[in-house]
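Comments concern the structure below.
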Amino acid sequence: MNNSALNFSNSKDWHQPHAAAIFNELRAHLPDVRLTEASLLDNIRDDTATCWVDRQDLVTLMQVIRHELSMPFTLCFDITAIDETEREYRSEQVSDFTVSYHLVSPDRNQDLRIKVALTKDDKTIPSVCLYWPNANWYEREVWDMFGIVFQGHPHLTRILMPHTWQGHPLLKVHPARATEMDPFTLPAYKQDEEQEALKFQPEAWGMKRQHENTDFMFLNLGPNHPSVHGAFRIVLQMDGEEIVDCVPDIGYHHRGAEKMGERQSWHSYIPYTDRIDYLGGVMNNFPYVMAVEQLAGIQVPDRAKVIRIMTAEMFRILSHLLFYGTFAQDVGALSPIFYMFIDREKLFGIIEAFTGARMHPSWFRIGGIASDLPKGWNTLVREYVNYLPARLDQYEKMVMQNSILKARTQGIGAYSTQEAIDWGITGPGLRATGFAWDLRKQRPYSGYDQFDFDVPTGANGDCYDRCRVRVEEMRQSIRIIEQCLNNMPEGPYKAEHPQTTPPDKSKTMTDIDSLIPHFINVSWGPRIPAGEVSVAVEATKGIMAYHLVSDGSTISYRTRIRTPSFPHLQMIPVMARGQMVADLIATLGSIDYVMADVDR
């Protein structure tokens, strides 16, 4: 470890390059297009370059952004929308709806947010699928949730909700709780309609016959087959044993996590975040609490930052160990997963000693963590960091050097770095192509810049390399955890800030000035200042981000969760064409997804 890693107080979070340069460059290419930079009234609390553009100029602007800039924005990170009809704090640019495009240029290491205002009487906007293929699913989701129509979209249908669903759930007029709706009934005629809607019609899914005189041959994989790793269905079009085409069918696990974020207080929503990537534990809390902290201007103590990093890396190991075992199991090696579950149980024991819970501790808090580390924590952690490397060496021989596993995975499901970026792939799936893009290095947050670790990469972008990257990431996580162990700062574990830490409870029975703030903060939660912010972390499966909009209330006005698995599954048809079914099983296992992360 280098000397700089010893002084956590010198840590500085990464900041975006200055926005003026990219706006000047865009105006030089588009002198006749009106670009309106976000004003103070837009309350943008992050430093992402943000501008408004008129709907009729959107396609022209996107053509320049994607293809004509010297360093284009090649990654479509997210597309979402905001129902602005009930928002109080807003600029003059805001209308009834806002469509927001979050684009990334890896070459610049810079983000760009483009906003388009729409009225409720004309909720149409051009599709940008021509420029970023992964915009397909994002646009479908916006239509599904908000009813905004993307003109020119190749297949604008429901994606998360059933095709028989009435309405668009993220509209402010749509009920947020079952108690706000009529009791559920299923009369005979409605049951018939639902059964009819379940019939599979290939043309409705965008599939085409190979020849005019041939019929389809289909294979349903899932939605409840173990090889699809969750409630997930893939419809395969086959020519013998070869996959000609396939359509991923998601939404079986959709629970309205974003809608819940707009009805819970800022504090009480934290446990809901645990259930997104349900194998990521506190890694799910990380971007959410940092986003709220950025909105409220809360400074997190150094000790809390380092504890967050240590426990997040523990959950990276926990997630990767499960991936490692199930991936080997998918290609026929049954023993490794049993050994790896032993390793996970040992680490869960440490998590439980820290937090009182295991998979879903909901331990991070706005401003820090829920409690300080218990006595003897360092002994538990040191034993584990001394234990795991030898076990990983054993698995190297058992799994990675296994000739059958190599034959089943090397050269299978491969894609290039450019293809990965085109489809929005992040995390190990991107680094397996040889591109060392890791937010902990590229855009350090929460003190990661003070740690000494490497970013593992592959070379071929195939199933084997995706596994190899995760194996090496576990070794790097051990390095990070050991540095936390050796250099844990003293001090508080939570910020002393009125928006996040209520007065000491022992004073509430004797002091009315402590009782009232304590009661209000615990029951209603804090009022977070009006603003908009997007915060991303390098999570277990790729980049996870929370885009929060506050209207100065005790709850979020808009909660957007950008998960890595959602675009990863969209790329399956590209990877699957020409494969055998057995190859597809290995490919699915190598992606490492959970459906709660996809469907939210």
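Quick note: the coordinates plus some simple rules give every number you see, no bench work behind them. Keep in mind that what you see is a predicted model, and the values were worked out from it rather than measured. All Cβ positions, even for glycine, are placed from backbone atoms using ideal geometry, and neighbour counts span all protein chains on display.
Normalised by the number of residues in region 46-137, the mean separation of alpha-carbon contacts (under 8 Å, six or more apart) gives a relative contact order of 35 percent. Candidates Ile342, Val235, Leu430 compared by Cα position along the dipole of the chain: farthest toward the positive end lies Ile342, with charges placed on Cβ. I'd like the antiparallel share, as a percent to the nearest 5, of DSSP beta bridges with both residues in region 14-175. Close to 75 percent. Shown in residue order for region 311-325 are the 3J(HN,Hα) couplings computed by the Karplus curve 6.51 cos²θ - 1.76 cosθ + 1.60 at θ = phi - 60°: 6, 5, 5, 4, 6, 4, 5, 4, 5, 5, 5, 5, 4, 4, x Hz (x for Gly and Pro). As a proxy for reagent exposure, ranking Phe348, Phe327 by other Cβ atoms within 10 Å from fewest up yields Phe348, Phe327. Calculated on the alpha-carbon coordinates, the convex hull of region 82-145 measures out at 106 cubic angstrom per residue.
How would you rank 299-309, 335-345, highest first, on the average number of other Cβ atoms within 10 Å across their residues? Could the numbers behind the result be given before it?
On the way: 299-309: 21.6, 335-345: 15.8.
Result, highest mean first: 299-309, 335-345.
Normalising the average separation of contacting C-alpha pairs (under 8 angstrom, six or more residues apart) by the number of residues puts the relative contact order of region 14-175 at 19 percent. Based on the convex hull around the alpha carbon atoms, region 14-175 presents an average projected area of 10.0 nm².
Using the alpha-carbon positions of region 478-595, Rg (one decimal) and Dmax (whole number) come out as 22.6, 73 Å.
Each residue of region 560-571 is assigned a 3J(HN,Hα), and the resulting list reads 10, 10, 9, 9, x, 5, 4, x, 4, 6, 5, 7 Hz, derived from the Karplus form 6.51 cos²θ - 1.76 cosθ + 1.60 (θ = phi - 60°), x at Gly and Pro.
Taking each pair of different alpha-carbon atoms in the chain once, compute 1/r for the pair, average those values, and report the inverse of that mean as the Kirkwood hydrodynamic radius in Å to one decimal. Write down the numbers at each step before the final one.
Details: mean 1/r = 0.0394 Å⁻¹.
By the Kirkwood definition, the hydrodynamic radius is 25.4 Å.
When each of the peptides 279-287, 509-517, 91-99, 560-568 is scored by the mean number of other C-beta atoms lying within 10 Å of its residues, the order from highest to lowest reads 279-287, 560-568, 91-99, 509-517. Coupling constants for region 297-304 follow from the phi torsions by the Karplus curve (6.51 cos²θ - 1.76 cosθ + 1.60, θ = phi - 60°), and in residue order they are x, 8, 9, 8, x, 4, 4, 5 Hz; glycine and proline get x. Between the amide H of Asp47 and those of Gln16, distances stay under 5 Å, these residues lying 5 or more places away or on another chain, with hydrogens modeled in the peptide plane.
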